[in-house]
1. Can you pull out every residue in the range 253-262 that is open to solvent by less than 50 Å² (accessible area, probe 1.4 Å) and more than 21 Å from the chain's Cα centre (by Cα)?
2. Regarding Asp227, is this residue under 30 Å from Val391 (Cβ atoms), in contact with a helix residue (DSSP H, G or I) (Cβ under 9 Å, 6 or more places away or on another chain), open to solvent by 50 Å² or more (accessible area, probe 1.4 Å) and not aliphatic (A, V, I, L, M)?
3. Can Thr199 be described as open to solvent by 70 Å² or more (accessible area, probe 1.4 Å), more than 27 Å from Ala409 (Cβ to Cβ) and among the hydroxyl-bearing types (Ser, Thr, Tyr)?
4. Return yes or no: is Pro38 out of contact with any strand residue (DSSP E or B) (no Cβ under 9 Å at 6 or more places or on another chain), in a loop (DSSP other than H, G, I, E, B) and closer than 21 Å to Ala339 by Cβ?
5. In the range 75-117, how many residues are assigned to a loop (DSSP other than H, G, I, E, B) and open to solvent by less than 20 Å² (accessible area, probe 1.4 Å)?
6. List, please: which pairs have Cβ atoms under 9 Å, are six or more places apart or on different chains, and start with a residue in the range 393-419 that is among the polar types (S, T, N, Q) and end with one that is crowded, with 16+ Cβ neighbours inside 10 Å and part of a helix (DSSP H, G or I)?
7. Please indicate, with yes or no, whether at least one residue in the range 311-321 is closer than 23 Å to Trp243 by Cβ, open to solvent by less than 10 Å² (accessible area, probe 1.4 Å) and assigned to a strand (DSSP E or B).
8. Taking the range 21-32 as the search range and keeping residues that are out of contact with any Leu (no Cβ under 7 Å at 6 or more places or on another chain) and modelled with pLDDT of 95 or more, which one is least open to solvent (accessible area, probe 1.4 Å)?
Amino acid sequence: MAERVAVVVGGSVAGLACAHAAAGAGWKAVVLEKAAGPAAGGGTGAGLGLDAQSMETLARWIPGWGPDAATLPLAVDLNRATDSETKAARTLTRDQSFNFRAAHWGELHRRLHEALPPAVTVLWGHQFLSFEVSDGDDDDKRGVVATARVLATGEIVEVAGDLLVAADGSTSSIRQRFLPDLKLRYSGYCAWRGVFDFTGKESSDIITGIRREYPELGSCLYFDLADKTHAVLYELPGNRLNWLWYINGPEPELTGSSVTMKVSDATLARMQDEADRVWLPELARLIRETAEPFVNVIYDADPLPRLSWAGGRVALVGDAAHPTTPHGLRSTNMSVHDARVLGACLGRWDETPPPPPPRALAEYETARLPVVAAQVLHARRLGRLKQGLPVEDGEAGGFDVRTATEEEALQLRQRGMPYFGGAPTVADGS
């Protein structure tokens, strides 16, 4: 049987996960990534939360992956209300069986890369430019040909394969080819983000204070809600604290395709002063003393009508398939689940010669589209709740943390996410 090749565009977590899954299905994979090399595992990226299904899936690809030094438990999902005037916090909801794990994006990416099997080739420093799909009439030609620029030399190269996997992020140019009118939807707010490294400062005033006010760090996902804003805090492996602070406002101007931006010293100083006004002193100090915080402009998109295109030659995965807000901790988890299901669908047809039958991608789409659509919309709703914004069109007001009842506060729990207990997979007969 002729070997089958998947060309994966994008070497982030979604792309490397798909490469693992394709190799597990007996395929070769070639990954095109414009970055010069893999993440070092230290300062790249920020924190993320992994659900139990993702942890089990990653353990299939990464030797030794599990509840080890690479992750910390997030056993508790805790929502609290902060009174900005009195600087007091009270519990809104507490879920003690959350069962997620905290990880650093860079460490996960490094481990995925180091564990890649021989069937996977990563072409670092290759900027994807375009692709073409054959009409299927010429048996001597592969089904797809991707064109890329080698950034170090300017050379233009072609990579041929039987399947194109679009893992090129929320601003996907491949998705744009099939859905030219699809626009990202600005959420109405941005997130300040930072990771505070307290190595060598374990007994410092700032860490003593933050652990006094947030005593379950290391096992708890904290959500602090104030009037029309909220912050997130949890501990990462390696003596790091990950925080996010969501602020309502008009859409900023972005350059290029990135949805993150650095800001001026003056803007940073204003943000730090506002943190002093809104948050508990311990959290405000952590924000102030974090080196190089950055702004993440929060977008999502309405659910896509399809995840497979070009007669089963092109599959969308990860943020290319379902741009989402981060409030349900879904982005990385959905990417891992996409890869697992895609690999299972390709593996079900391992006795057929190239190209893969359209049914393989149709099965992938059938399994994943209802899940990701429901999760994207729920994450959107959850973000607007926590930001005090109207959830439905025409709604006069939003969730008011100052007056919310116990029943109303239950909406804030992560457990309300569709498929919270696990998404269907092809392997389990769904």
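The values are calculated or read from the model by the stated rules, or taken from the named source; none is laboratory data. Owing to the predicted nature of the structure, the values given are computational and were not obtained by experimental measurement. As a convention, Cβ positions derive from the backbone with ideal geometry for all residues, glycine included, and neighbour counts pool all protein chains shown. Areas reflect the complete protein model, heavy atoms only, side chains present, ligands, DNA and RNA absent. Shrake-Rupley method; radii C 1.70, N 1.55, O 1.52, S 1.80 Å.
1. Narrowing the range 253-262 to residues open to solvent by less than 50 Å² (accessible area, probe 1.4 Å): 259.
Listed by number, the list is empty, since nothing qualifies.
2. It is true that Asp227 is under 30 Å from Val391 (Cβ atoms), in contact with a helix residue (DSSP H, G or I) (Cβ under 9 Å, 6 or more places away or on another chain), open to solvent by 50 Å² or more (accessible area, probe 1.4 Å) and not aliphatic (A, V, I, L, M).
3. Values: open to solvent by 70 Å² or more (accessible area, probe 1.4 Å): yes; more than 27 Å from Ala409 (Cβ to Cβ): yes; among the hydroxyl-bearing types (Ser, Thr, Tyr): yes.
Yes, satisfied.
4. Values: out of contact with any strand residue (DSSP E or B) (no Cβ under 9 Å at 6 or more places or on another chain): no; in a loop (DSSP other than H, G, I, E, B): yes; closer than 21 Å to Ala339 by Cβ: yes.
Here the answer is no, as Pro38 does not meet what is asked.
5. Of all residues in the range 75-117, those assigned to a loop (DSSP other than H, G, I, E, B) come to 75, 84-87, 96-99, 115-117.
Okay, now just the ones that are also open to solvent by less than 20 Å² (accessible area, probe 1.4 Å), so 98.
So the answer is 1.
6. Final answer for the pair search is Gln411/Arg381; Gln411/Leu382; Gln411/Leu385; Gln414/His327; Gln414/Gly328; Gln414/Leu382.
7. Narrowing the range 311-321 to residues closer than 23 Å to Trp243 by Cβ: 319.
With the extra rule that they be open to solvent by less than 10 Å² (accessible area, probe 1.4 Å), the set shrinks to none.
Within the range 311-321, none of the residues are closer than 23 Å to Trp243 by Cβ, open to solvent by less than 10 Å² (accessible area, probe 1.4 Å) and assigned to a strand (DSSP E or B).
8. Taking the range 21-32 first, the residues out of contact with any Leu (no Cβ under 7 Å at 6 or more places or on another chain) are 23-24, 26, 28-29.
Those still in the list that are modelled with pLDDT of 95 or more too: 23-24, 28-29.
Values: Ala23: 23, Gly24: 72, Lys28: 94, Ala29: 1 Å².
Taking the candidates together, the pick is Ala29.
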